[in-house]
1. Test each condition in (1) polar (S, T, N, Q); (2) surrounded by fewer than 20 Cβ atoms within 10 Å (Cβ to Cβ); (3) in a loop (DSSP other than H, G, I, E, B) for residue 216 and report the one that comes out false.
2. Can you find even one residue in the stretch 100-116 that is within 16 Å of the ligand (Cβ to nearest atom), of a type in the set (A, V, I, L, M), in contact with a helix residue (DSSP H, G or I) (Cβ under 8 Å, 6 or more places away or on another chain) and assigned by TED's automatic domain parsing to the domain that holds residue 52?
3. May I ask you to list the residues in the stretch 131-144 that are crowded, with 23+ Cβ neighbours inside 10 Å, in contact with a Ser or Thr (Cβ under 8 Å, 6 or more places away or on another chain) and not hydrophobic (A, V, I, L, M, F, W, C)?
4. Within the stretch 231-240, is even one residue basic (Lys, Arg) and either surrounded by 18 or more Cβ atoms within 10 Å (Cβ to Cβ) or at pLDDT below 95 (or both)?
5. Do we find that residue 36 is in contact with a strand residue (DSSP E or B) (Cβ under 7 Å, 6 or more places away or on another chain), modelled with pLDDT of 95 or more and among the β-branched types (Val, Ile, Thr) in this structure?
6. Somewhere in the stretch 62-73, is a residue modelled with pLDDT of 95 or more, away from the ligand (no atom under 16 Å from the Cβ) and surrounded by fewer than 17 Cβ atoms within 10 Å (Cβ to Cβ)?
7. Given the conditions (1) β-branched (Val, Ile, Thr); (2) out of contact with any strand residue (DSSP E or B) (no Cβ under 6 Å at 6 or more places or on another chain); (3) part of a strand (DSSP E or B), and given that residue 237 satisfies all but one, which numbered condition is not satisfied?
8. Could you list, in sequence order, all residues of the stretch 131-149 that are away from the ligand (no atom under 16 Å from the Cβ) and more than 21 Å from residue 290 (Cα to Cα)?
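The values are calculated or read from the model by the stated rules, or taken from the named source; none is laboratory data. The structure presented is a predicted model; accordingly, all values stated were derived computationally and were not measured. So basically every Cβ, Gly included, is an ideal-geometry build from the backbone, and we count neighbours across all protein chains shown.
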Amino acid sequence: MLKIRLLWSLIVIAMLIGVPLSGCGGQASPPADTATDKLLVAASIIPLADFTRQVGGDRVQVELLVPPGASPHTYELTPAQLQVLSKARVLVLNDVGLEFWADDAVSAANNPDLIVVDTSQGLTILGGDAGESSGNPHIWLDPINAIHQVEKIRDALIQADPDGAEVYRANAERYIGELKALDQEIRNRVATFSSKKFIAFHPAWVYFAQRYGLEQAAVIETTPGKEPSPAEIAEIVKTARAIGAKAIFAEPQFSPKAAEVIAAESGAEVLFLNPLGEPPDFSYLDTMRYNVGEMEKALK
Ligand SMILES: [Zn+2]
């Protein structure tokens, strides 16, 4: 509690004296010019950046690579972000092919001190759709998988900064407790759903569905960013009618046009799920609660 209050005081002071705060603005923040004694950690996507902040606390400076509003399936790193990798001590990756740029970026960074963490290592990977030869990458949307990713991040931070080991362990333990509570809350809420079948925008929810006994009945874009053909749309409309879908899910990182067409044709409404982060604070816990709330509207 004291730590949270202290953090807020620091944020307020920073705002008063006009220190720019890095973090969740629209753009990825540029690399800091001034030397900092914080551990510089780059994280590919919003949930991993949040996990890293939760575990690292004020010992780390986290640079988010794929900015809010962008899709990790299509986003290319900027030259400034490549520079961050040349200075960072840790690079937190989801892997399972999500960071298609990672190999090139790491070799371009030419940074022998960089510890690259594959947070998927050790998890059971589900099969992928078109364009996902390594498997389906959306592991973080299952909070039990997220716990595993948090543990991987904790271990990498300890490796990079052994002096902070106690802090990282304590922070990770506290946050894992919150993830377990989230898991229990989702179980309780999904138990009240009258329908278990949903139509997803892209195949982001298969781990979530498997964990909580839901079923992805159809997907609008099997390759994210590639809109469905009229024949595919007709097929999804058929499925939507067959399962009595009250809602078709779109996602803020992609155009909702195809979802709108399918919803209009099948008499459903369009709702938004957010696999990455929900403004304004982009916290994983809040985003997952938001998503379950949207699913409740469609499936309860
Ligand atoms: Zn995705």
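1. Evaluating residue 216 over (1) polar (S, T, N, Q); (2) surrounded by fewer than 20 Cβ atoms within 10 Å (Cβ to Cβ); (3) in a loop (DSSP other than H, G, I, E, B) leaves (3) as the failure.
2. Taking every residue of the stretch 100-116 in turn, none turns out to be within 16 Å of the ligand (Cβ to nearest atom), of a type in the set (A, V, I, L, M), in contact with a helix residue (DSSP H, G or I) (Cβ under 8 Å, 6 or more places away or on another chain) and assigned by TED's automatic domain parsing to the domain that holds residue 52.
3. Selection gives 137 alone.
4. Looking through the stretch 231-240, none of the residues is basic (Lys, Arg) and either surrounded by 18 or more Cβ atoms within 10 Å (Cβ to Cβ) or at pLDDT below 95 (or both).
5. No; evaluated as a whole, the condition is false for this residue.
6. No, there is no match, as no residue in the stretch 62-73 is modelled with pLDDT of 95 or more, away from the ligand (no atom under 16 Å from the Cβ) and surrounded by fewer than 17 Cβ atoms within 10 Å (Cβ to Cβ).
7. (3)
8. 148
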